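To start, the structure itself, in structure tokens.
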Amino acid sequence: MGLLNPQNFVYGLSLALLVLIYLRSRSRPAIEVSSLMLFDEVPAPVASVRHVRIEPLFWLEMATLTALTLAIAGLYVMRPRTPGHGRIHALVFDLGAGMSAREGSGTRLDQARRDAMEIINQAPAGDEFSVIAYALEAQARHPQTANLADLHKALDDLAPMAVPARTVALRAALIRARGASEIELFADRPPAAAILADAASTARVNFHLVGSGDSNLAIVSLAPGIPGSTRGRAVIRNFSARPYPCELAIDLGNREEFHQTLMLAPREQVVVPFGPLKTGGVLHARILTPDAIDADNDRYAYAPSDGAARVLVLSPDAAVRDDIARVLLAVNANFQIETADPVKYPGGANASGANAKPLELAVMHDCYVPAAVAASTLLIYPPQLGKNLRYAAGIGISVNATLPSADIRSDAMGEARGIESLTLGATRIVAIPEWMDLIATATGPAHSSIPLAAIGRGAGGPVGVLAFDIRDHLLLAPDHLDALVLTVDLIKQLTAPRDILIVPTGADVSLPASGAARVTQPDASVRTVTADKWGRVRIRPLQAGRYSVESGGETTQVFANYYDATESDLGAKSQAEANAPAENAATASNAQSAGEVQPLVFILVALALLALTIESAILIGHAGRWGMRHV
Amino acid sequence: MLEARAFEPEFLRKLDRLVLGIKRARTVRAGQRALGRIQGLGIEPENFKAYAPGDDLRFLDWNAFARFDELMLRTYRVDRQVEVTALVDASASMGLPERDDKLGLALAIGASLAYIGMADNDAVRIGAFAMHRGAMKLDATPFHRRRESYLNFRPFVMSVKAGGETRLGAAVDQLLLQRRPAGTVVVISDFLVNESDVEDALKRLVAARHEVKVVHVMGEQESIAAYPSGLFRVRDAETGEVRETVLGPATAAAIRRKIEKIAVRVREICTMHAITYAQAVGAGNLESIIERELPRLGIVR
């Protein structure tokens, strides 16, 4: 017996209110008379009381309120589980990258699948099962059913993802499983005790730990370096408790740049230098040694090309033009940079002659020159245009106001999260279109969130926006490295090849597309994605490797890298020991939930209704005897 | 407070012409046999008898000696003083309803009778009784005979407060324990008590050869059962017992019937024991009670 929410006993204050009403009624007008002898012949004295009177109406109301309070507080009894049919099971699977670890003849997910099948086969006829999976988020794969064929198919369709299994996703999955009387949780590492305890409050939770090996290698990072200048480096980590050989190969395009076998000490992490690369391009590092998880054995990086490209810099401030040119040259020394005052910039073919190469990048500071057409555009401190002038549809932004200062929010800077929070100068409030991704935001006077840096690929090509002013050599000031980092990051992304994208698995990727796009996934499966109203398709790579997105005759390669130190660490045994309390808690919760919770709400409400009915009958009787005035 | 009215000179002047209607000549009895009247000093001639040595020569009838040449003595009925006790019920019921001031009326009647009794130089006292915490409390003043002493009653009369239970039998027991000569006892009460207690008490007073007179005090409001209508908790002032009842016309009629029954029953008991019974209804009727009702019944003349 217990209570689901004892806090609801606050409703028991109504009992105190009832007692007050009772006492108040007892203190109703009293008359002191010379002798009750005079009332001997009065027809119907109600009752004669000296100290405590048994008042049926009071006790009936007390019973009613007590029953309702207990019902609200969730009084329940624990009943022995009814054996046999009718139970609902929820099969909850971890689909994180760790579940793809090979052990023996199959993966950890295969083992979990087998365990689940065994449970299904041993269950009495009539029991129903639902299938829920989680990794980045929870997903109900199959609603509850007793159809074995459907269940087998749902289990067969489960596939591990190259993403870590998040705790919030596990919580969400257990919440989705709340309707079940038993929850079968399959994962390769024990969850926190509190999570299981929460779930065990409503159902019996059986945790199935799958997998025991720890032989895994992973490429932690891959830095290409600067072609022809600096060396690249790859970081390799051995998660095993034993020494492990690692055959590492690094390719640039189709050409092998590095191939070596290393011996890594137990749980060692090594930095492997290579290069410098001769040219830019897509760099692919591979671990050729067989290990548990494949997803973290490949990693892609893009080595920037040092090819010559024309860049236009427009700013009314000559110092700013000079600062931007220096930054551009630092990113790519082969940039051909042209600078101009926007007022004097002729625009179009007049700018550099008819035979000039097209502009790769146009950087406009505190100005907007529609005539400056480039493959990509970077707007810095974009001005608030007049009534007759608007930003081009391909840019899509609008500027609403100017703030004298703004503070970068360090918690909302995405890739630039390492930047410390600091105060910038004048900042424009820019309305960012939905197809652009925010990189950083700021706070300002009377504004809680101002877009500070954003980038997106619109119909007119990639567009980047920096909302803050960079006058007074802001980019070169040592105290404002964050502004410089944001600027360099945007320039790199804007000048990167538009048909190549390197992203972490699980990230949302949006690409320009005309109509539907055909997406070929790393496992060679193909699916079609429809473009949204801004002409963009969004994909979320959940497998490590190369995705090919074809749309309108153009193909974009998306390389998805996976690495998660926690997920890739398959030392499940040691982790299980570390989380022994969790397992104990799970066991305890199992013991506690050995019975079945039987809420008494209906019984209590029925009692309350019965008491009210009796009370009504008594009142009707009183009314019939003495008249309505005295009831 | 009505009892203060009994000490106002204007009120007392109206009482000057009244005397108590009590029997002064008493028959001496031995058991059921009458032995004769008490003779002695007095002014009312009783009889003649022949002189015998030792007789008081002051009562020789010299006219008869001159006429008959025999020594004759004139005898007189004894001029007997009577002890009058006004016994007032001071229980809690006498204090309710407050507007009726039954206790004030009872004390005023008792004091008035005491003043009237003093006209004949009778020994008069006023007593008040009530049962407190199971013990009878009977307080009484000393006897006073002369009207000059009448104001000595005032502190006692003014100090009597209503409280406690009515136990007439217990009060009479305590009174008889004082072993005073038989006299006149005027019982003034509302008689809201068990009728057997009333009858028992009055019987014992009569048996002790007291001349008993009963004044039944009733309040005007109480007599007509003037209570507000509605559901009330009614509490007995003497016992504390509570009863919930619906007050209204029907209840008032029942109360009036009960009061009438009590009065009839007390009157029956008094009649049965040759006790003078008088009703005193309403504090506002004090003067008419003293001047008309009590003389009509012979309690005063």
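The values are calculated or read from the model by the stated rules, or taken from the named source; none is laboratory data. Remember, predicted model here, so these are calculated numbers, not experimental data. Because the Cβ atoms are built from the backbone with ideal geometry, glycine has one as well, and the counts that use them run over all protein chains shown.
Exactly one condition in (1) without any contact (Cβ under 8 Å) to a residue 60 or more places away in the chain; (2) surrounded by fewer than 23 Cβ atoms within 10 Å (Cβ to Cβ) is false for A:ALA453; which is it?
Among (1) without any contact (Cβ under 8 Å) to a residue 60 or more places away in the chain; (2) surrounded by fewer than 23 Cβ atoms within 10 Å (Cβ to Cβ), the lone unmet condition for A:ALA453 is (2).
Being under 12 Å from A:LYS492 (Cα atoms) and not aliphatic (A, V, I, L, M) is the filter here; which residues of region A:307-334 pass it? Before the answer, list the steps.
If we filter region A:307-334 for residues that are under 12 Å from A:LYS492 (Cα atoms), which is where we start, we get A:327-332.
If the condition is that a residue be under 12 Å from A:LYS492 (Cα atoms) and not aliphatic (A, V, I, L, M), then A:ASN332 is the only one that fits.
Which of the residues belonging to region B:254-266 are without any contact (Cβ under 8 Å) to a residue 24 or more places away in the chain and either polar (S, T, N, Q) or more than 8 Å from chain A (Cβ to nearest Cβ) (or both)?
Within region B:254-266, B:GLU260, B:LYS261, B:VAL264 meet the criteria.
Inside region B:235-253, can you point out the residues that are within 7 Å of another protein chain (Cβ to nearest Cβ) and free of Cβ contacts under 8 Å to residues at least 12 places away in the same chain?
B:ARG235, B:ASP236, B:GLU241, B:VAL242, B:ARG243, B:ALA250
Within region A:296-329, restricting attention to residues that are in contact with a Pro (Cβ under 8 Å, 6 or more places away or on another chain) and more than 19 Å from A:LEU378 (Cα to Cα), which residue is modelled with the lowest pLDDT? Quick ask: steps written out before the conclusion?
Just the residues of region A:296-329 that are in contact with a Pro (Cβ under 8 Å, 6 or more places away or on another chain), to begin with: A:301-306, A:310, A:314-316.
With more than 19 Å from A:LEU378 (Cα to Cα) added as a condition, the list becomes A:301-303, A:305-306.
Working: A:ALA301: 90, A:TYR302: 87, A:ALA303: 84, A:SER305: 72, A:ASP306: 67.
Out of the qualifying residues, it is A:ASP306.
Among the numbered criteria (1) within 14 Å of chain A (Cβ to nearest Cβ); (2) in contact with a helix residue (DSSP H, G or I) (Cβ under 9 Å, 6 or more places away or on another chain), which single criterion is violated by B:VAL157?
All conditions pass for B:VAL157, except number (1).
When only residues in region B:75-103 that are more than 14 Å from chain A (Cβ to nearest Cβ) and crowded, with 24+ Cβ neighbours inside 10 Å count, which is nearest to the chain's Cα centre (by Cα)?
It comes out as B:ALA86.
Quickly run through region A:491-510 and pick out the residues that are assigned to a helix (DSSP H, G or I) and buried (at least 20 other Cβ atoms within 10 Å of the Cβ). Let's see the steps before the verdict.
Step one: filter region A:491-510 for residues assigned to a helix (DSSP H, G or I), giving A:491-495.
Of everything in region A:491-510, those that are assigned to a helix (DSSP H, G or I) and buried (at least 20 other Cβ atoms within 10 Å of the Cβ) turn out to be A:ILE491, A:LEU494, A:THR495.
For region B:224-251, what are the residues that are under 30 Å from B:GLY110 (Cβ atoms) and either surrounded by fewer than 20 Cβ atoms within 10 Å (Cβ to Cβ) or not small (Gly, Ala, Ser) (or both)?
B:ILE224, B:ALA226, B:TYR227, B:VAL234, B:ARG235, B:ASP236, B:GLU238, B:THR239, B:GLY240, B:GLU241
Answer yes or no: is there a residue in region A:414-431 that is over 24 Å from A:SER510 (Cα atoms), modelled with pLDDT of 80 or more and outside any strand (DSSP E or B).
Looking through region A:414-431, at least one residue is over 24 Å from A:SER510 (Cα atoms), modelled with pLDDT of 80 or more and outside any strand (DSSP E or B).
I'd like the residue in region B:199-223 that is acidic (Asp, Glu) and more than 19 Å from B:ARG167 (Cα to Cα) and, out of all such residues, is surrounded by the fewest Cβ atoms within 10 Å (Cβ to Cβ).
Looking at residues that are acidic (Asp, Glu) and more than 19 Å from B:ARG167 (Cα to Cα), I get B:GLU220.
Across region B:208-233, which residue is modelled with the highest pLDDT among those that are facing chain A (nearest Cβ under 7 Å) and under 29 Å from B:ILE289 (Cβ atoms)?
That would be B:GLU222.
Please find, within region A:521-543, the residue that is farthest from A:GLN557 (Cα to Cα) out of those that are assigned to a strand (DSSP E or B) and of a type outside the set (D, E, K, R).
Ranking the qualifying residues of region A:521-543, first place goes to A:THR530.
Within region A:9-67, take every residue that is assigned to a helix (DSSP H, G or I), at pLDDT 85 or above and at the interface with chain B (Cβ under 10 Å from one of its Cβ atoms) and give me the one that is farthest from B:LEU231 (Cα to Cα).
If we take residues in region A:9-67 being assigned to a helix (DSSP H, G or I), at pLDDT 85 or above and at the interface with chain B (Cβ under 10 Å from one of its Cβ atoms), then A:MET37 is farthest from B:LEU231 (Cα to Cα).
Kindly indicate which of A:PRO290, A:PRO266, A:PRO276 is surrounded by fewer than 15 Cβ atoms within 10 Å (Cβ to Cβ) and in contact with a Ser or Thr (Cβ under 7 Å, 6 or more places away or on another chain). Please lay out each step first, then the result.
Numbers: A:PRO290 fails: in contact with a Ser or Thr (Cβ under 7 Å, 6 or more places away or on another chain); A:PRO276 fails: surrounded by fewer than 15 Cβ atoms within 10 Å (Cβ to Cβ).
Answer to the check: A:PRO266.
Looking at region B:71-78, can you tell me whether even one residue there is farther than 30 Å from B:GLU211 by Cα, part of a helix (DSSP H, G or I) and of a type outside the set (S, T, N, Q)? Working first, answer last.
Let us first name the residues in region B:71-78 that are farther than 30 Å from B:GLU211 by Cα, namely B:71-73.
So of that shortlist, the ones also part of a helix (DSSP H, G or I) come out as none.
No, because not a single residue in region B:71-78 is farther than 30 Å from B:GLU211 by Cα, part of a helix (DSSP H, G or I) and of a type outside the set (S, T, N, Q).
All but one of (1) buried (at least 23 other Cβ atoms within 10 Å of the Cβ); (2) acidic (Asp, Glu); (3) at pLDDT 90 or above hold for A:ASP188; which doesn't?
Checking A:ASP188 against (1) buried (at least 23 other Cβ atoms within 10 Å of the Cβ); (2) acidic (Asp, Glu); (3) at pLDDT 90 or above, the one that fails is (3).
Go through region A:610-631 and report how many residues are at pLDDT below 60 and either at positive phi or of a type in the set (Gly, Ala, Ser) (or both).
1
Pick from region A:257-284 the residues that are outside any strand (DSSP E or B) and closer than 20 Å to A:TYR300 by Cβ: which of them is farthest from the chain's Cα centre (by Cα)?
Checking each candidate, the answer is A:LYS278.
The conditions are (1) assigned by TED's automatic domain parsing to the domain that holds A:VAL363; (2) assigned to a strand (DSSP E or B), and A:VAL488 fails exactly one of them. Which is it?
(2)
Kindly list, by first and then second residue, each pair from a residue in region A:162-174 that is farther than 18 Å from A:ALA507 by Cα to a residue that is modelled with pLDDT of 90 or more and among the small types (Gly, Ala, Ser), limited to pairs with Cβ atoms under 6 Å and residues at least 6 apart or on different chains.
From region A:162-174, the pairs are A:ALA172/A:ALA138; A:ALA173/A:ALA138.
Scanning for something assigned to a loop (DSSP other than H, G, I, E, B) and of a type in the set (D, E, K, R), does region A:451-464 turn up at least one residue? So that I can check it myself, show each step before the final result.
Narrowing region A:451-464 to residues assigned to a loop (DSSP other than H, G, I, E, B): A:459-460.
Now drop any that are not of a type in the set (D, E, K, R), which leaves none.
No: region A:451-464 contains no residue that is assigned to a loop (DSSP other than H, G, I, E, B) and of a type in the set (D, E, K, R).
Would you point out which residue out of B:THR276, B:THR271 is without any contact (Cβ under 8 Å) to a residue 40 or more places away in the chain and within 18 Å of the chain's Cα centre (by Cα)? Walk me through it before giving the result.
Numbers: B:THR276 fails: without any contact (Cβ under 8 Å) to a residue 40 or more places away in the chain.
Going through B:THR276, B:THR271 in turn, just one is without any contact (Cβ under 8 Å) to a residue 40 or more places away in the chain and within 18 Å of the chain's Cα centre (by Cα): B:THR271.
Mind checking which residues of region A:68-77 are among the aliphatic types (A, V, I, L, M) and assigned to a helix (DSSP H, G or I)?
Scanning region A:68-77 gives A:LEU68, A:LEU70, A:ALA71, A:ILE72, A:ALA73.
Tell me whether region B:289-298 contains one or more residues that are facing chain A (nearest Cβ under 8 Å) and modelled with pLDDT of 90 or more. Before you say what the answer is, go through the steps one by one.
Here is the first cut: in region B:289-298, the residues facing chain A (nearest Cβ under 8 Å) are none.
For region B:289-298, residues facing chain A (nearest Cβ under 8 Å) and modelled with pLDDT of 90 or more: absent.
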